[in-house]
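The values are calculated or read from the model by the stated rules, or taken from the named source; none is laboratory data. Everything numeric in this text was worked out from a predicted model, so none of it was measured. When we count neighbours, we look across all protein chains shown, and the Cβ atoms used for this are built from the backbone with ideal geometry, even at glycine. Accessible surface areas use protein heavy atoms only, side chains included; no ligands, DNA or RNA. Shrake-Rupley method; radii C 1.70, N 1.55, O 1.52, S 1.80 Å.
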Amino acid sequence: LDFENKMLYTLRVEATNAHPDPRFLQLGPFKDTALVKISVEDIDEAPVFSRSWYLIEADEDTKEGSIIGQVVAQDPDITKNAIKYSVDRHTDLDRIFNIYSGNGSLFISKPLDREETPWHNITVIATEINNPKQSSQIPVFIRILDINDHAPEFAKYYETFVCENAKAGQLIQTVSAVDKDEPPQGHKFFFELVPEFAVQPNFSIVDNKAGIVTRRNGYSRSKMSTYLLPIIIFDNDYPIQSSTGTLTIRVCACDTWGNMQSCNTEALLLPAGLSTGALVAILLCIVILLVLVVLFTALKRQRKKEPLIISKDDVRDNIVTYNDEGGGEEDTQAFDIGTLRNPEAREESKMRRDVIPEAIFQIRRTAPLWENIDVQDFIHRKLKENDLDPAAPPYDSLATYAYEGNDSIANSLSSLESLTTEGNQDYDYLSDWGPPFKKLADMYGGEDSDRD
């Protein structure tokens, strides 16, 4: 029933007795009729779209914000409530499309890419403004139309070879291309060499067959082992797109039937019939011989070294060569130089540690050191003690003295302290110091010099 189309129906209903009694037929007829009026009550219905589904086409290069189509729905009720439109975001997660809620016009919010997604299937919802519970939805299929925005390129990476004994006009490779676009007339590609290589003395290209052909007789690996041939690929759609691909051509040795045998330039340096395994074995033998020669030379040098002391009777200076970092405290037992650094801390009875005496002699005590002993006098005393020591070794012994000596008996000559004293200073004592201080005595001694 549709209240908006027909609100009242009138029916004539007839009731008949299907099994009348024959005795009462003269009383007939045994039937009756009545009029039945049916009134259709109005209810609130959901909006109804003008179509059961929509198909919209949009160009791939359509700008953002452009309207691509429209859906229409209306309230079937007499009240004709207002309708608002929306896109079901579960069917458009990337929010590429949007719709004006008032009139149902669809527009693009993001750029389109046919090569990535050629079709978009979204759902549009129409809802009554006065009664949001009343809504309906419709599928919208959006087809993205292709434009020529991709350049063709090689179908794969091409690497071919040319024989050294190749003849001019020989076909060595056929190339093909692919394009992400889908032109209405189908794919058709054109190939040509880049302008810089148009006059190519080695190779040329046959466009209708996309074939690479030799242009001269004979190629040499020793002169050029690899050729890089750049090729431009064009499509046949508008606007024309093009790209440049590079074909790698290697020069190889071939048999008389044109079958490749070797493409390595190193093979030219090897003698005929010498395999790679044989070459590796020869190199390994050479390395082993070099290692043996180095070891023999090292052993021969070690044998020529003489020992430091040839015999026990050899008496010479006690010079010891150390070939390592050191032995720790054992290397410091030869001399005790602590006594020379601080003569006052010298131990009175201490054995010599540079040699082991055959017999233990009584170490005689030395005279005590004076407080202001002179360094030269101290060294002479030490030498005399060693000369008279019966336990001294029968060879020279080197001793290092690091004793600086005590302070000088002369006071400081600095005049920096003169600023802190009051009055003039007396430098007459400089005259008593002798000729070396005569110049200072003339400068600072006397009252005239102070006034100056």
Checklist entry - Any chance the range 123-139 includes a residue that's within 30 Å of Ser220 (Cα to Cα), polar (S, T, N, Q) and in a loop (DSSP other than H, G, I, E, B)? => result no
Checklist entry - From the list Phe191, Phe161, which residue is more than 30 Å from Leu55 (Cβ to Cβ), open to solvent by less than 20 Å² (accessible area, probe 1.4 Å) and of a type outside the set (Lys, Arg)? => result Phe191
Checklist entry - Can you spot a residue in the range 96-104 that is touching a residue at least 60 places away in the same chain (Cβ under 8 Å) and surrounded by 15 or more Cβ atoms within 10 Å (Cβ to Cβ)? => result no
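Checking the condition in a strand (DSSP E or B) and over 26 Å from His120 (Cα atoms), which residue from Lys6, Lys80, Lys37, Lys84 passes?
Lys37
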Checklist entry - What about Asn81, is it more than 30 Å from Asp237 (Cβ to Cβ) and out of contact with any strand residue (DSSP E or B) (no Cβ under 6 Å at 6 or more places or on another chain)? => result no
Checklist entry - With respect to Ala272, is the statement that it is at pLDDT below 80 and within 25 Å of Val162 (Cβ to Cβ) true? => result yes
Item to check | Arg23, sole failed condition from (1) open to solvent by 60 Å² or more (accessible area, probe 1.4 Å); (2) assigned to a loop (DSSP other than H, G, I, E, B); (3) more than 30 Å from Ala126 (Cα to Cα) | outcome: (2)
Checklist entry - Out of Asp88, Asp75, which single residue is under 48 Å from the mean Cα position of the chain (by Cα), over 30 Å from Phe203 (Cβ atoms) and of a type in the set (D, E, K, R)? => result Asp88
Checklist outcome for this item: Just one listed residue, out of Thr214, Thr226, is under 40 Å from the mean Cα position of the chain (by Cα) and not small (Gly, Ala, Ser), and it is Thr226
Next on the checklist: Need pairs with beta-carbon distance below 9 Å; first residue farther than 30 Å from Ile78 by Cα and within the range 1-25, second open to solvent by less than 80 Å² (accessible area, probe 1.4 Å) and part of a strand (DSSP E or B); sequence gap 6+ or separate chains.
Outcome noted: Val13/Thr33; Val13/Ala34; Val13/Val36; Glu14/Thr33; Glu14/Ala34; Ala15/Thr33; Ala15/Ala34
